[in-house]
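First the structure, in the form of structure tokens, and then the observations on it.
The values are calculated or read from the model by the stated rules, or taken from the named source; none is laboratory data. On a predicted model such as this, the values are computed, not experimentally measured, just so you know. Positions of Cβ are generated from backbone atoms using ideal geometry, with glycine treated the same way; all protein chains shown enter the neighbour counts. We work out accessible area using only protein heavy atoms, side chains counted, and drop any ligands, DNA or RNA first. Shrake-Rupley method; radii C 1.70, N 1.55, O 1.52, S 1.80 Å.
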Amino acid sequence: MSKLLKSRKSPVDLWYLWFFYLIFPIMTLTSKPLPQMWAGFALLAVFALCVTLGFRDAKRRFIYIVLICAMILFFSTTYSPYLIYMFFYTIPLMGLLPTTRQFFLTLAVLITTVIFIILLDFDQFYGDGLWYFLPSLVIMLILPFGIRSRMKENELREKLTLANDEIARLAKLDERQRISRDLHDTLGHTLSLITLKSELAEKLILKNPERAVQEVKDIQATSRAALKQVRELISGMNMVSITEELKKSEEILRAAGMVFDVDNQVDLSEMPPMVQNILGMCLKEAITNVIKHSGATICTLKLQEDRAYWNMSLSDNGPVCERNKQQLPSSGRGLLGMRERLELIEGTMTFHIGTEAETSLVIQIPRIIKQYEAKG
């Protein structure tokens, strides 16, 4: 998702498109006498340079906006009052200002300059011309707020993505540390004991064969205990409780800035451990997909049961899903893993497309799971 955010075009990336609108002041200048026309062209070149630097130099952007307003004031009072429309060049630059104080200062400069130009040539704007100019003036004053709001939203979205990446990295690091700690605590002592007993048995083979045999038997018993510990450890790594996963999902979604709405109508204490485990792993994978791909603000989970099935549905209101809904059921190793886990207990997984860009994942698990016996 970080790459997706970086690939989105912003006003900074498309700044050169604004030069298309210089055709209007150029047409105005060509109608003036030669000395005045060439002086206007020279000033217009400085104007274009300030616009370019305004997009590229974030530190001095405020200064360039003030200079641009001053040049527009000169153009409007010297060449044509209708060049007041050149103030549209300042709008994207104002939206990119880093601080709110600078934004409102430049907005005050723009409003003051526009009012001064209108009052200076009031006859040009009053009457029929007012109906053409007034809508543009309203847009000119509102548009900076819209662009600034969009830029802030992009910044927050990028920060949220970085925060989610950091959460995922820390979660992996914590899991590695937990596995390392469990392996050390579980097997460290046992393997040390096996090493000591094997060294002792080696020394006793010639001196006391009967004692050596007993030590070898102890080694065998200890190794079996170690094998059992490893199996329990691996089982503990893979075991995910749906109750625990609900709490983890709420925490990670809250950290991602999403609301997690849970409607649980199931008595989880009566659900078999295997069903809880598989539902927990499916929920974990589904929540990961919501955070990474949906762009949602609300995630809703429903747990229901009837005589035949346990039902779990997860839906979100993310707009990103609208473009990828048809691909979701067949893409991703995580979703394939969910299907494989559900097949172990005859469960099914389906996607439903709703309204307002909502998509939902529905999982059904039969309450009576058939047991298959291998035939000799």
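Residue-wise, which Karplus ³J(HN,Hα) couplings in Hz belong to the stretch 107-119, taking 6.51 cos²θ - 1.76 cosθ + 1.60, θ = phi - 60°, and x for glycine or proline?
Using θ = phi - 60°, the values come out as 5, 5, 4, 4, 5, 4, 5, 4, 4, 4, 5, 5, 5 Hz.
Please list, ordered by chain and number, the residues whose modelled amide H lies under 5 Å from the amide H of TYR309; skip anything fewer than 5 residues away on the same chain.
ARG367
How large is the accessible surface of LEU196 in square angstrom, using a 1.4 angstrom probe and rounding to the nearest 10?
110
How much accessible surface area, in Å² rounded to 10, belongs to the heavy atoms of GLU210 with a 1.4 Å probe?
Accessible area of GLU210: about 150 Å².
Sort the stretch 38-93 into rounded, prolate or oblate with this rule: let a ≥ b ≥ c be the square roots of the eigenvalues of the Cα gyration tensor; rounded if a/c is under 1.5, and if a/c is not under 1.5, prolate when a/b is larger than b/c, oblate otherwise. It would help to have the intermediate numbers written out before the result.
Values: a/c = 2.43, a/b = 1.62, b/c = 1.50.
It comes out prolate by the Cα gyration axes.
Can you give the accessible area of THR195 in Å² (nearest 10), computed on protein heavy atoms with a 1.4 Å probe?
70
Could you pull out every residue, at least 5 positions away or on a different chain, whose amide H is within less than 5 Å of the one on LYS32? Hs are placed 1.01 Å off N in the peptide plane, and Pro or chain starts have none.
For LYS32, no residues qualify.
Under the Karplus relation 6.51 cos²θ - 1.76 cosθ + 1.60, θ = phi - 60°, what is the ordered set of whole-Hz ³J(HN,Hα) values for the stretch 22-39, x standing for Gly and Pro?
Residue by residue, the stretch 22-39 yields 5, 4, 6, x, 5, 4, 5, 5, 5, 8, 9, x, 3, x, 5, 5, 5, 5 Hz.
At what distance in nm do the modelled label points of LEU170 and SER31 sit from each other, each positioned 7 Å from its Cα along Cα→Cβ?
6.3
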